[in-house]
Structure formats: C-alpha cells, structure tokens
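**Student:** Sharing a structure, written as structure tokens. Questions coming.
The values are calculated or read from the model by the stated rules, or taken from the named source; none is laboratory data. Here the structure is a predicted model, which is why all the values come from computation and not from measurement. Heads up, the Cβs are rebuilt from the backbone with ideal geometry, glycines too, and the neighbour counts pull from every protein chain shown. For the accessible areas, the whole protein counts, side chains as well, though only heavy atoms, and no ligand, DNA or RNA atoms are used. Shrake-Rupley method; radii C 1.70, N 1.55, O 1.52, S 1.80 Å.
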Amino acid sequence: MLKFGIEFVPKDPYWKLVAYAIQAENCGFSYLWITDHFVNRNVYVTLAAAAIYTNKITFGTGVTNPWLVNPVITAQAIATLNELAPGRVVLGIGAGDKTTLEAVGVKTGKPLTAVNEAIDIFRKLINGENVAYQGEVFKTAGAKFNFKIQGKIPVYIGAQGPKMLELAGKTGDGVLINASHPSDVEYAVKRASKGIQQANKTPSDVDIAAYTSFSVNKELKKAVKAATPVVAFIVAGSPPSVLEKHGIDLAKADELRAALKKNDFGKAFSSVTPEMINAFSVCGTPDMCIERIAELRKLGISQFVVGSPIGANVKKAIDLISSKVIPQFVE
Amino acid sequence: MDYPELVKLIPAEKWGLISDQLINLILASKNEEKMPRQLADTMLLHMKNGNSESKSGLAALLEASVLLEPEKAMNAFCELQLPTVAEQIKAKIATMTAEAI
C-alpha cells in the first residue's frame with residue numbers, strides 16, 4: 001500500500017497548521033512533515049503542538065540540516081518529541097539550503113560527511129550511548145542524555161544529488177526524494193537502491209518517498225495558478241543542466257529569475273510555462289494527479305508526500321485528496 | 001446572547017455543514033492575529049476529539065469566525081437562511097465595534 005504524507009510550511013500560526021494536521025490525520029495521511037527554515041516559525045515547537053493535538057500520524061522535520069543546530073541538540077529535540085508522541089516521531093535531515101544558511105552566516109562544506117556524521121551522533125545518543133565522536137565535521141567530547149528514550153526513531157534523509165541519494169539508501173530508514181517528475185524520481189530511486197544494496201538491505205527496509213510540490217483542484221486552471229509561484233522559485237533555483245533535462249527554455253528561465261530578483265512577481269509568475277509546471281510539480285485535477293502518482297509508484301516509491309502548495313485552498317485540497325486520490329491507492 | 005445560546009438557534013441537522021463552513025472561513029482568514037490563544041486551543045481540542053459539530057465545538061467555531069471574519073460569518077448565515085443567527089452576529093459586530101472605539 002502506498003502511504004501518503006503531507007508537508008506544511010510553518011509560515012502560518014501554530015493553530016492553523018495544527019488544524020490542517022488534524023484534518024490530514026482524519027483524512028488518511030500517515031506522515032506529517034514540517035519544513036525547517038529560520039524565516040518561518042520553529043519546526044520543533046510546531047511539531048510539539050501537532051504532537052499534542054494528533055493521535056496517530058507519524059511526524060518529523062521535513063527536513064532539518066546538520067549546520068544550523070548542533071546534531072546533539074537536534075537529537076535532544078527529537079527525543080523530547082518522542083516523549084510527547086511515543087513511536088510517532090522521525091528525524092528528517094538533509095544538506096540544507098545553501099542560500100538560506102549563508103544568510104545567517106553559516107559556512108557549509110562536505111555536506112555528505114556532515115549529514116552522515118550528524119546521523120551517526122543522533123543514533124548513538126538515541127541509543128543512550130555516551131558519545132565521544134571524532135568526525136571530520138563534528139566532534140563531541142562525551143555527550144550523553146540524562147533521560148531514557150523509548151523505542152527506535154527512524155531517520156529519513158532528504159536527497160536530490162546522486163551521492164546523497166546513495167547515502168540515503170545506505171544509511172537511512174527512509175529517503176525523501178525532492179522531485180516531482182517521473183524521470184527525476186526514476187533516477188533517484190535507482191541511486192537510492194544502489195545504496196540499499198551496498199548496505200545489504202532489502203528495498204522494503206527503506207521507505208522511499210517522493211517529496212513533491214503538489215497542487216490539486218477540480219479545475220485545472222486553479223490548480224496551475226496555485227502551483228505557479230512555487231514552481232517559479234524552483235525554476236529560479238535550478239541549475240541549467242536540470243532545466244535542459246526537462247526541455248525548459250533557458251532564456252525563459254533567466255527572464256523569470258531576473259523578474260524574481262526585482263520582486264516583479266507578476267512578470268515572474270507569467271513566465272512560468274506548462275513545461276515548468278509539469279517538470280517541477282504534480283499538478284492538476286484529481287484524475288491527473290492520480291495518474292502521476294500511479295506512475296511514480298511504479299518506479300518504486302512507498303510514500304507520496306503532498307508538498308507545498310497542496311492547493312489554492314488547503315482545507316478543500318486535503319478533502320479532495322482524501323475523497324478522490326487516496327482511495328485509489330488503498331489495497 | 002453568548003455563543004452556546006446562539007448555537008441553540010441553529011437546527012441540529014445543519015451543525016455538520018456549518019461546522020465545516022466555519023472551519024474553512026477561519027483557516028482561510030488572514031486576520032490570524034485576532035485569534036485568542038485559548039480559543040484556538042479550545043477549537044483544536046474539539047477538532048482532535050471529533051467534536052467540532054457538537055454544541056460546544058460549534059460555539060467555539062462561531063466565536064472564532066465572528067472575531068476573525070465577522071462580515072463573512074454573518075453573510076454565511078444569511079445564505080444558510082438563518083436570519084436570526086445573522087442578526088445576533090450583527091449585534092455582536094456592533095458591540096465589538098463600539099468596544100473598539
């Protein structure tokens with residue numbers, strides 16, 4: 001059975017996001033992912049609120065990074081959340097967004113090593129070990145929690161590049177593939193599978209999730225309108241090689257990027273083409289979304305994450321996914 | 001008239017429909033700063049326990065929607081052909097406006 005996850009960005013106050021989380025839980029979603037960017041509200045405080053008001057949904061950071069918060073404190077936060085909602089917590093971690101991290105003066109380097117070491121420290125602390133760690137990026141002289149952690153806390157790795165995908169397959173309990181298009185997901189699943197093989201694990205040992213930009217509406221036009229701003233920013237942040245791979249006109253992308261730089265959102269959003277929407281989002285009527293999700297499922301994903309913007313009206317979009325989309329994937 | 005009393009003016013068979021409409025109104029509102037924390041917690045607790053369509057759940061939703069989107073809340077009850085409720089909301093808006101002045 002394909003699991004469904006949902007991502008929320010804590011740009012809204014906690015009570016709105018928690019209301020959506022309750023709705024998502026009641027509508028058949030199994031996973032709740034909260035993004036972690038310093039410009040928005042704090043991910044752990046938001047997750048704590050969600051933990052209190054939900055009963056069964058599994059939740060986690062979608063995703064945090066090893067740089068902004070020391071891995072010891074990340075482990076502490078996740079372990080404390082696990083007390084609020086035992087067995088319902090996961091850690092989602094990735095390399096982080098370079099631009100955002102640079103904005104707060106954080107120097108990044110060796111992303112693979114940093115993520116790998118952070119996970120290593122995390123797991124040791126969760127296991128109750130006294131961690132004296134001499135890594136390339138992180139060093140601890142003897143870190144140990146004064147409280148016990150019940151059960152195991154799975155680690156999901158957010159990945160896009162080939163090496164991070166391999167690491168995710170090899171080390172992670174789950175892989176969060178940051179892609180929406182079948183060709184990208186196919187490539188990512190292959191790379192992650194390579195890592196799974198290297199670790200002598202079986203594919204069922206690792207939850208492979210397509211973490212998509214998603215927009216659904218009964219009317220295609222409205223779904224596209226909601227997806228357009230998100231896709232515009234994805235295009236602006238994508239290297240030429242990625243754009244060319246999807247047959248996107250580089251001149252159009254440059255035009256869009258320049259407009260965004262000038263805060264000319266009208267021009268930027270009008271530069272978004274149907275090819276861009278198709279490449280970087282799962283967008284359309286419920287039937288169109290079902291078709292795309294089915295395609296992704298055949299490629300080997302075990303979880304489909306409905307990411308931002310979800311729809312023009314989030315509550316109505318969740319209702320629509322619950323009534324039309326999820327039932328198509330229940331076995 | 002307080003909010004639980006106001007709920008009594010609504011036929012019970014419409015509580016489900018109205019609850020859904022009010023949640024939509026509240027979540028779509030941009031006037032988030034007008035939501036008192038305690039009321040938000042009451043609303044979430046009712047949602048968690050599946051009681052949003054109960055008398056107390058609906059009272060919380062009514063209060064929140066009148067605080068965040070008074071005009072839209074009033075119009076919703078006009079459209080639902082519940083003029084008595086709409087009138088009561090209008091009176092609450094008048095009180096809120098007077099208090100603000």
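**Student:** Quick one: buried accessible area between A and B, total over both chains, 1.4 angstrom probe, nearest 100 Å²?
**Tutor:** 1500 Å²
**Student:** Roughly how large, in nm² to one decimal, is the mean projection of the convex hull of the alpha-carbon atoms in segment A:153-214?
**Tutor:** Over all viewing directions, segment A:153-214 projects a mean Cα-hull area of 3.9 nm².
**Student:** Express the relative contact order of chain A as a whole percentage, based on alpha carbon pairs under 8 Å and six or more residues apart in sequence.
**Tutor:** Reported as a whole number, the value is 18 percent.
**Student:** Give me the net charge for the shell around B:Ile89: Cβ to Cβ below 11 angstrom, other residues only, Lys and Arg +1, Asp and Glu -1.
**Tutor:** Taking every other residue near B:Ile89 into account, the sum is -1.
**Student:** Using the alpha-carbon atoms, what tilt in degrees (0 to 90, nearest 10) does helix A:220-236 show relative to the longest principal axis of chain A?
**Tutor:** Its long axis makes an angle of about 60 degrees.
**Student:** Trypsin sites (Lys or Arg not before Pro) within segment B:19-96: which are DSSP loop residues with at most 11 other Cβ atoms inside 10 Å?
**Tutor:** Passing sites in segment B:19-96 are B:Lys30.
**Student:** Using a 10 Å cut-off on Cβ to Cβ distances, tally the other chain neighbours for every residue of B:47-55 and report the average as a whole number.
**Tutor:** Going residue by residue through B:47-55 and averaging, the value is 3.
**Student:** For the protein assembly as shown, taking Cα atoms only, what is the radius of gyration to one decimal and the Dmax to the nearest whole Å?
**Tutor:** Just the Cα atoms of the protein assembly as shown yield Rg and Dmax of 23.2, 72 Å.
**Student:** Which whole-number percent is the relative contact order of segment A:220-285 (Cα, under 8 Å, 6+ apart)?
**Tutor:** Here the relative contact order equals 48 percent.
**Student:** Further question: Within 15 Å, Cβ to Cβ, of A:Tyr20, how many net charges do the neighbouring residues add up to if Lys/Arg are +1 and Asp/Glu are -1?
**Tutor:** Taking every other residue near A:Tyr20 into account, the sum is 0.
**Student:** With angles folded into 0 to 90 degrees, how steeply does helix A:14-26 sit against the dominant principal axis of chain A? Use alpha carbons for both and round to 10.
**Tutor:** Value to nearest ten degrees: 80.
**Student:** How far is it, in nm, from the label point at B:Ala100 to the one at A:Lys252 when both lie 7 Å from their Cα along the line to the Cβ?
**Tutor:** Here the answer is 4.5 nm between the modelled labels.
**Student:** Can you check what the net charge comes to around B:Pro4, using other residues whose Cβ is under 10 Å from the Cβ of B:Pro4 (Lys, Arg +1; Asp, Glu -1)?
**Tutor:** After counting each charged neighbour, the total is -1.
**Student:** Obtain the radius of gyration and the Kirkwood radius of segment A:112-171 from its C-alpha atoms and give Rg over Rh.
**Tutor:** That ratio is 1.01, to two decimals.
**Student:** Still on this model: Quick one: 3J(HN,Hα) in Hz for segment B:49-63, Karplus 6.51/-1.76/1.60 with θ = phi - 60°, rounded, Gly and Pro as x.
**Tutor:** 8, x, 10, 5, 9, 7, 4, 6, x, 5, 4, 5, 5, 4, 4
**Student:** Just give the residues from segment A:291-324 buried by at least 30 square angstrom of accessible area in the all-chains context relative to the isolated chain, probe 1.4 Å, and say none if nothing qualifies.
**Tutor:** A:Lys315
**Student:** Separate question: Where the centre of each part is set by its Cα atoms, how far does segment A:287-327 sit from segment A:145-159, in angstrom?
**Tutor:** For segment A:287-327 versus segment A:145-159, the Cα centre distance is 28 Å.
**Student:** Could I ask something else about it? Output the peptides B:3-14, A:92-103, A:271-282 sorted from most to least packed, where packing is the average of other Cβ atoms within 10 Å over each peptide's residues.
**Tutor:** A:271-282, A:92-103, B:3-14
**Student:** With the full set of protein chains in place, find how many percent of the accessible area of segment A:244-319 is carbon and sulfur; take the probe as 1.4 Å.
**Tutor:** After summing per-atom areas, the C and S share lands at 51 percent.
**Student:** With contacts defined as alpha carbon pairs under 8 Å and 6 or more residues apart, what's the relative contact order of chain B in percent?
**Tutor:** 34 percent
**Student:** Same structure, new question: Of the listed peptides A:187-195, A:56-64, A:209-217, what is their order by residue-averaged count of other C-beta atoms within 10 Å, with the highest listed first?
**Tutor:** Ranking the peptides A:187-195, A:56-64, A:209-217 by packing returns A:209-217, A:56-64, A:187-195.
**Student:** Now a separate question. Which FRET efficiency value, to the nearest 0.05, is calculated for A:Lys218 and A:Lys194 with the Förster distance at 45 angstrom and r the Cβ-Cβ distance?
**Tutor:** Efficiency computed from Cβ-Cβ geometry: 0.65.
**Student:** Which angle between 0 and 90 degrees, to the nearest 10, do you get for helix A:250-261 versus the longest principal axis of chain A when only C-alpha atoms count?
**Tutor:** 70 degrees
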